[in-house]
1. With each run of n ≥ 4 DSSP H residues scored as -39500 (n - 2.57), what mean residue ellipticity at 222 nm is computed for the chain after dividing by its residue count and rounding to the nearest 500 deg cm²/dmol?
2. Taking N as the number of residues in the chain, what is its Cα Rg relative to 2.2 N^0.38 Å?
3. At Ser245 and Arg131, where each label point lies 7 Å from the Cα along Cα→Cβ, what is the point-to-point distance in nanometres?
4. Would you mind getting me the FRET efficiency between Glu187 and Ser411? Use the beta-carbon distance for r and R0 = 25 Å, nearest 0.05.
5. Say R0 is 51 Å: what FRET efficiency, to the nearest 0.05, do Asp221 and Lys175 get from their beta-carbon distance?
6. Provide the gained length on full extension for the span Lys236 to Ala280, in nm with one decimal, where the gain is 0.36 nm per separating residue minus the Cα-Cα distance.
7. Apply the Debye scattering formula to the stretch 143-241, with a single equal point scatterer on each alpha-carbon and no solvent, then give log10 I(q)/I(0) at q = 0.10, 0.15, 0.25 Å⁻¹.
8. Debye calculation, C-alpha points only, no solvent: report log10 I(q)/I(0) for the stretch 290-418 at q = 0.18 Å⁻¹, in the same order as the q values.
Amino acid sequence: MTTAIVKKPEWIEKLPSGWAFLPVRAVLKERKEKNTELEESNILSVMKGIGVIRYEDKGNVGNKSSERPEAYKIVRKNDLVLNSMNLSIGSVGIAREDGVTSSVYIIYQARPKVADPDFYHYLFQTTSFQRHLASYGRGIMELREAVKERDIRNQPVVVPPLGTQKRIADFLNEKTKIINELIEKKERLIELLREKRAALITRAVTKGLDPNAKLKPSGIDWLGDIPEGWEVKKIKHITSANKKSLSEDSTDPDYEFDYVDIGNVNSEGEILELQNYFFANAPARARRLAENGDVILSTVRTYLRSMARIENARGLVFSTGFAIFHPTKILASQLYWSIQSEIFLAHVMANSTGVNYPGINEQKLSSISLPIPSEQEQKQIADFLDAETTKIDKAVELIESQIEKLKEYRSSLIYSMV
């Protein structure tokens, strides 16, 4: 094994006295043990910003576990685990227990008397090193370009004296723990605010704004009681659905538009970054048109809760995965807030079929009933929810900004130390 000092890499500015540059292979050794004998059954995974966790604790996120456990790689306590597909965005962590991981992971063990695993864990978390490694990525998607171990092993890294490594790692462990706890508290506060937002919407569109209003049975099990004077009507009786669409026969191949796919709309009604297409090279599902005041709701991947109130439809074409409702006997604002209620969305999910990509039949969606107050009360509810949710959304935005600053501080602290 060659451990000759190598040239200072471009991604490091200065080197303290007594530190050296060596290739990764001089401080970390790849662990290549396979789980052929089914020695381990504790499946581990790496999540960005969290580190190594048990697969069972990650929830419905990322890839499914393999059906061939003998193909997994063995991981030992204090090994450095890297996700070669997402290394460039910081998917790296230290294993705190023995286990196995997918073959997509790269496993390193620190060389005794040379490297402290926690120190190099922090090194792999520095943005500059991640960007440097990303240049070796291969793949078809920006965030999933696999970095090969043969490229990593030859990269020069800083090598302080072992005692210095341990002191730095201990310092960063203490400081990042404090920062992480602050971030967790702020993230929990965001969750509580979003729960409050959801409860506010559900209460307003199903029970009204008067807490003392007399209630009556709605006649629908999942809806429960509604205020006296309200009606219950099916969506298809108060809207017209999917009125306009593009056809191949009558659409100019050079017609240019911004395409709204299911993933471009979030559960809070925001339309995110769009893709621009000419009709000739657009996806086959880019067909539906909307008018100002229409309300859209995803009928595929219903767990995403993609919905929005369209206020500027010009130049937009929507996926056929949306149902586009044009209000006829209900205010657009009331329709929009009604489909955001938790009990409505829960009912939609309960009537969706499919495991990986659940969806609901448009006819079934249109047959769902909504509680309808008078037009005057619809306006009052809409004004109330517009004002109250705006306050909550601004509070969430402020806390998210604080979280980003804490993450930036954590990154700069790690970079300056390692």
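1. Working: 10 runs with 139 residues, N = 418.
Helix contribution divided over all residues of the chain: -10500 deg cm²/dmol.
2. Working: Rg = 27.0 Å, N = 418, 2.2 N^0.38 = 21.8 Å.
Rg over 2.2 N^0.38 Å, computed on Cα atoms: 1.24.
3. My value for the distance between the label points is 4.6 nm.
4. For Glu187 and Ser411, the calculated efficiency is 0.90.
5. Working: r = 53 Å, r/R0 = 1.04.
Step by step, r from the Cβ atoms, then E = 0.45.
6. Values: separation 44, 0.36 × 44 = 15.84 nm, distance 3.28 nm.
In short, 12.6 nm is gained.
7. Scattering profile of the stretch 143-241, log10 relative to I(0): -0.65, -0.90, -1.23.
8. Log-scaled intensity ratios, in q order: -1.05.
The values are calculated or read from the model by the stated rules, or taken from the named source; none is laboratory data. Not measured: the values here are computed from a predicted model. Counting neighbours? That spans all protein chains shown, and the Cβs are built from the backbone with ideal geometry, glycine included. The area values use the complete protein model at the heavy-atom level, side chains included, leaving out ligands, DNA and RNA. Shrake-Rupley method; radii C 1.70, N 1.55, O 1.52, S 1.80 Å.
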